[in-house]
1. Using the structure shown, decide if P77 is in contact with a Pro (Cβ under 9 Å, 6 or more places away or on another chain) and not charged (D, E, K, R).
2. For S107, indicate whether it is among the small types (G, A, S), touching a helix residue (DSSP H, G or I) at 6+ places or on another chain (Cβ under 6 Å) and either surrounded by fewer than 15 Cβ atoms within 10 Å (Cβ to Cβ) or at pLDDT 85 or above (or both).
3. Are there any pairs with C-beta distances below 6 angstrom linking a residue in the range 156-176 that is touching a residue at least 24 places away in the same chain (Cβ under 8 Å) and farther than 14 Å from I137 by Cα to a residue that is surrounded by 14 or more Cβ atoms within 10 Å (Cβ to Cβ) and charged (D, E, K, R), with the two at least 6 apart or on different chains, and if so which?
4. From (1) part of a loop (DSSP other than H, G, I, E, B); (2) free of Cβ contacts under 8 Å to residues at least 40 places away in the same chain, pick out the condition that doesn't hold for P88.
5. Report, by residue number, each residue of the range 66-92 that is closer than 23 Å to K23 by Cα, out of contact with any Lys or Arg (no Cβ under 8 Å at 6 or more places or on another chain) and at pLDDT below 95.
6. Does the range 24-41 contain at least one residue that is at pLDDT 70 or above, buried (at least 19 other Cβ atoms within 10 Å of the Cβ) and more than 19 Å from M158 (Cβ to Cβ)?
7. Please work out if G54 is in contact with a Ser or Thr (Cβ under 8 Å, 6 or more places away or on another chain) and either without any contact (Cβ under 8 Å) to a residue 12 or more places away in the chain or within 30 Å of A168 (Cα to Cα) (or both).
8. Out of all the residues in the range 102-109, is one or more out of contact with any strand residue (DSSP E or B) (no Cβ under 6 Å at 6 or more places or on another chain) and either in contact (Cβ under 8 Å) with a residue 12 or more places away in the chain or hydroxyl-bearing (S, T, Y) (or both)?
Amino acid sequence: MKTSLLAFLSLGLAACAAQSGDKFADDPARYGLYVAYANVFMETPIVVKNADTGEVLPLKVRHLDGSEGGYVVESLPAGRYLLESYTPDGTTDYPLEAPNAYFEVQSSCFNYGGRYDFGVDAQGKPLYTNSTTLKDIEKLPHTIRKYAESRDICAAGMGKANERLAAADVQGQLDL
């Protein structure tokens, strides 16, 4: 019974991730898919703001593969997004302010934001680190990784210009 329930929950979460990519799959000229791993242990949002429009968007962290951390999988219009806050415990919203607290999304691209590790500094203020290694895309659950197949891959690391790799160049380097 416990195994069946876990399998059912995993399938449901995978379906949520797939739905988050639907806009990207249906309209890649307008949307890019933003994907990142975060060490957030609850299904809580990381809040971002579109730098051009001012629209505030919650990027939900979903747990798909039984790991403690989770994945952000969102179809986003192309543009620059500012990291605003995160909610590690489901109730307390922690603002994140730093000069490099942004990422860029390109349309018609699998925008990989890498890994976020959230924590607190010596004064108890929230902080984060971000690392982006495109080879890590191979470790993503298949329900997410499938969106990268035959697509351009964009390195959407925090505080860096978004770098685009053509699908033809990526095919021999990543096992998707």
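1. Working: in contact with a Pro (Cβ under 9 Å, 6 or more places away or on another chain): no; not charged (D, E, K, R): yes.
Criteria not met by P77.
2. Working: among the small types (G, A, S): yes; touching a helix residue (DSSP H, G or I) at 6+ places or on another chain (Cβ under 6 Å): no; either surrounded by fewer than 15 Cβ atoms within 10 Å (Cβ to Cβ) or at pLDDT 85 or above (or both): yes.
Taking the combined requirement at face value, the residue does not satisfy it.
3. Pairs found: N162/E104; R164/D152.
4. The failed condition is (2).
5. L83
6. We begin by selecting, within the range 24-41, every residue at pLDDT 70 or above; these are 24-41.
Filter once more, so that each one left must be buried (at least 19 other Cβ atoms within 10 Å of the Cβ): 24, 31-38, 40.
Restricting the remaining residues to those that are more than 19 Å from M158 (Cβ to Cβ) gives 24, 31.
Yes, that holds for at least one residue.
7. On the way: in contact with a Ser or Thr (Cβ under 8 Å, 6 or more places away or on another chain): no; either without any contact (Cβ under 8 Å) to a residue 12 or more places away in the chain or within 30 Å of A168 (Cα to Cα) (or both): yes.
For G54, the condition - in contact with a Ser or Thr (Cβ under 8 Å, 6 or more places away or on another chain) and either without any contact (Cβ under 8 Å) to a residue 12 or more places away in the chain or within 30 Å of A168 (Cα to Cα) (or both) - is not met.
8. Of the residues in the range 102-109, the ones out of contact with any strand residue (DSSP E or B) (no Cβ under 6 Å at 6 or more places or on another chain) are 108.
Among the residues that remain, those that are also either in contact (Cβ under 8 Å) with a residue 12 or more places away in the chain or hydroxyl-bearing (S, T, Y) (or both) are: 108.
Looking for residues that are out of contact with any strand residue (DSSP E or B) (no Cβ under 6 Å at 6 or more places or on another chain) and either in contact (Cβ under 8 Å) with a residue 12 or more places away in the chain or hydroxyl-bearing (S, T, Y) (or both), one finds at least one in the range 102-109, hence yes.
The values are calculated or read from the model by the stated rules, or taken from the named source; none is laboratory data. This one's a predicted model, so the numbers in the text were calculated from it and none came from an experiment. As a convention, Cβ positions derive from the backbone with ideal geometry for all residues, glycine included, and neighbour counts pool all protein chains shown.
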